Amino acid sequence: MTTRRLLLLIPLAMLATPSHAQDPKAGLESAFADVEPKVIAWRHDFHEHPELSNREFRTSGIVAEHLRALGLDEVRTGIAHTGVVGVLKGGKPGPAVALRADMDGLPVLEQTGAAFASRARGEYNGQDVPVMHACGHDTHIAMLMGAAEVLARNRGQLTGSVHFIFQPAEEGPPAGEDGGARMMIDEGVLDGSDAPQAIIGLHAWPGDSGTLRYCAGGFMAAADGLEISIIGRQTHGSSPWLGVDPIYVAAQVATAIQGIPSRHLDITNSPAVITIGSIHGGVRGNIIPDRVDMSGTIRTFDPGIREELHAKLRSTVNSIAEANGATAEVVIEGYAPVTGNDPELLRRMLPTLEWAAGADKVHEGTLITGAEDFSFYQEKIPGLFLMLGINDPATPISDRPSNHSPFFIAEDEAMITGVRALVGFALDYAEVAPD
């Protein structure tokens, strides 16, 4: 029986509860009420002024100024280019935990019609592009700022310390640059004598507003970037037999590799996805070009399946190219491993999540083929990663825009649940942490 199934069989009364008679969260309702309008205002501002990966200069400046104004014990800036980390020491000694938010927007033209819609533009890989918070990172920043304020104002109830990690470039750094969670870790955000022992992250998701969705073990896919180049021989479009047509070969490749997950992998073991999202080749209709470049993404949930898929993809592409007299180059670069929830940490913190959202709004979910570089933190320390519902329950699921859509927008009312979850994790971890 899987860990996930076992978790469902555990009666709530048997789940870990704070061992101290005094709940550290007691008396915080007024603090949440006070901070909620600030969180909404911050979110609107960030949404209206998004910045691309590794270019979050305005955003990180606002974050750092806020953390300093709260009187945190330490505020560091310039980590992994634009990252910010604040450290708050509680009134009682104990373990350290980390709360993480990502800050970058996407090269997407906003079409939500919101009063605070983005009109920003930026440079993405040498191109002038529109910029939008199309994945909810504006809410992530605002919620973590709100959690920092509640905890700083109530540090006497905090056992241990909290590291507030505001991370750039979750969506991936620009070409030729480093960034994101791996760079934050390389630059020491999980190091030191007071290093975090556990971490939590939240992600806005088109679920019912204020719900929290979890899954024990891995539930968000590992992601790899895929680049395929087909090299043929240029000739006139009227005489294709005089050359080697890379467009014809690329079309065969794009079709054939879809058969790898569906026909060559055991889908009862673990799902997988291959997507080609970009094909470029040629300059006019009557010239067969000498090269076609394709780019895409690979999503898997199992290391063995991932390795098998990579090998089959390479052999398929090369065989098709060779059969047509062309050559192929295949480059696969890893973006992130599988993201999930440490089963034991989830078991211990589930009562806290139910306090944050309400027991009827905390649900186990299913696999998600999206990916997150939060997984790199989880390779170092136990972590929770939760999906925060941000849509009006009255809106049919089919009508809710997905992440990365130009219509993606979050309900303001959902964010206080995220603030509560972050604060609750920080306050309760010491109470339920193993000895």
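The values are calculated or read from the model by the stated rules, or taken from the named source; none is laboratory data. Everything numeric here is computed off the predicted structure, so don't read it as measured data. Note that we place each Cβ from the backbone using ideal geometry, even for glycine, and neighbour counts take in every protein chain shown. Remember, those area values only see protein heavy atoms, side chains included, never the ligands or the DNA or RNA. Shrake-Rupley method; radii C 1.70, N 1.55, O 1.52, S 1.80 Å.
From the square roots a ≥ b ≥ c of the eigenvalues of the alpha-carbon gyration tensor of the range 100-149, which class results: rounded (a/c under 1.5), prolate (a/b over b/c), or oblate?
Working: a/c = 3.15, a/b = 1.64, b/c = 1.92.
It is oblate, given that a/c is not under 1.5 and a/b is not larger than b/c.
Could you work out [θ]222 nm for the chain from helices alone, using -39500 (n - 2.57) per DSSP H run of at least four and dividing by all its residues? Round to the nearest 500 deg cm²/dmol.
Working: 10 runs with 133 residues, N = 435.
That calculation yields -9500 deg cm²/dmol at 222 nm.
In order along the range 47-58, the Karplus-derived 3J(HN,Hα) couplings, from 6.51 cos²θ - 1.76 cosθ + 1.60 at θ = phi - 60°, round to 5, 6, 10, x, 9, 6, 4, 6, 10, 7, 5, 5 Hz, and Gly and Pro are given as x.
Distances between placed amide hydrogens fall under 5 Å for residue 358 paired with no residue 5 or more residues away or on another chain. Under a 5 Å amide H cut-off, with hydrogens placed 1.01 Å from N, residue 90 pairs with 160, 161, 162 among residues at least 5 apart or on other chains.
With every protein chain kept in place and ligands, DNA and RNA left out, what is the accessible area per residue of the range 33-165? Probe 1.4 Å, answer in Å².
Values: 4870 Å² over 133 residues.
Ligands and nucleic acids excluded, the result is 37 Å² per residue.
Computed 3J(HN,Hα) for the range 194-203, one whole-Hz value per residue from the Karplus formula 6.51 cos²θ - 1.76 cosθ + 1.60 where θ = phi - 60°, is 10, 5, x, 9, 7, 9, 10, x, 10, 9, glycine and proline marked x.
Phi-derived couplings, Karplus 6.51 cos²θ - 1.76 cosθ + 1.60 at θ = phi - 60°, listed residue by residue for the range 270-280: 6, x, 8, 9, 10, 10, 9, x, 8, 9, 10 Hz, with x used for Gly and Pro.
For the range 304-375, the solvent-accessible area of protein heavy atoms averages 43 Å² per residue (probe radius 1.4 Å; ligands and nucleic acids excluded). Under 5 Å from the amide H of residue 341 lie the amide H atoms of 217, 218, 219, each residue being 5 or more positions distant or on a separate chain, with H modelled from the backbone and absent for Pro and chain starts.
May I ask you to compute the full-extension gain from residue 114 to residue 22, defined as 0.36 nm times their residue separation minus their alpha-carbon distance, rounded to one decimal in nm? Kindly include the intermediate steps, with their values, before the conclusion.
Numbers: separation 92, 0.36 × 92 = 33.12 nm, distance 4.32 nm.
So the extension gain works out to 28.8 nm.
By the rule of a C-alpha distance below 26 Å, with chain neighbours fewer than 8 residues away ignored, the lysines paired with residue 38 are 25, 89, 361.
Distance distribution note for the range 35-78: the fraction of Cα pairs above 12 angstrom is 66%. Cross-link partners of residue 312 among lysines, defined as those whose alpha carbon lies under 21 angstrom from its own and excluding same-chain residues fewer than eight positions apart, are absent.
What aspartates and glutamates sit close enough to residue 92 to cross-link, taking a C-alpha to C-alpha distance under 20 Å and skipping anything fewer than 8 places away on the same chain? Leaving aside aspartates and glutamates fewer than 8 places away in the same chain, those within reach of residue 92 are 23, 73, 74, 149, 194, 428, 431, 435. How large, in percent, is the carbon and sulfur part of the accessible surface of the range 66-192 at a probe radius of 1.4 Å? Whole-percent figure for carbon plus sulfur exposure: 44.
Run the numbers on the chain and let me know its relative contact order in percent, using alpha-carbon pairs under 8 Å that are six or more apart.
Numbers: 977 pairs, mean separation 100.8, N = 435.
About 23 percent, as a whole number.
Of the accessible area of the range 334-435, computed with a 1.4 Å probe over protein heavy atoms only, carbon and sulfur atoms account for 52 percent. Averaging the sequence gap over all C-alpha pairs within less than 8 Å and six or more residues apart, then dividing by the number of residues, gives the range 51-121 a relative contact order of 32 percent. Of the peptides 181-190, 234-243, 389-398, the order by per-residue mean of other Cβ atoms within 10 Å, starting with the highest, comes out as 181-190, 389-398, 234-243. The listed peptides 208-214, 110-116, ordered by packing as a protection proxy, come out as 208-214, 110-116 (highest mean of other Cβ atoms within 10 Å first).
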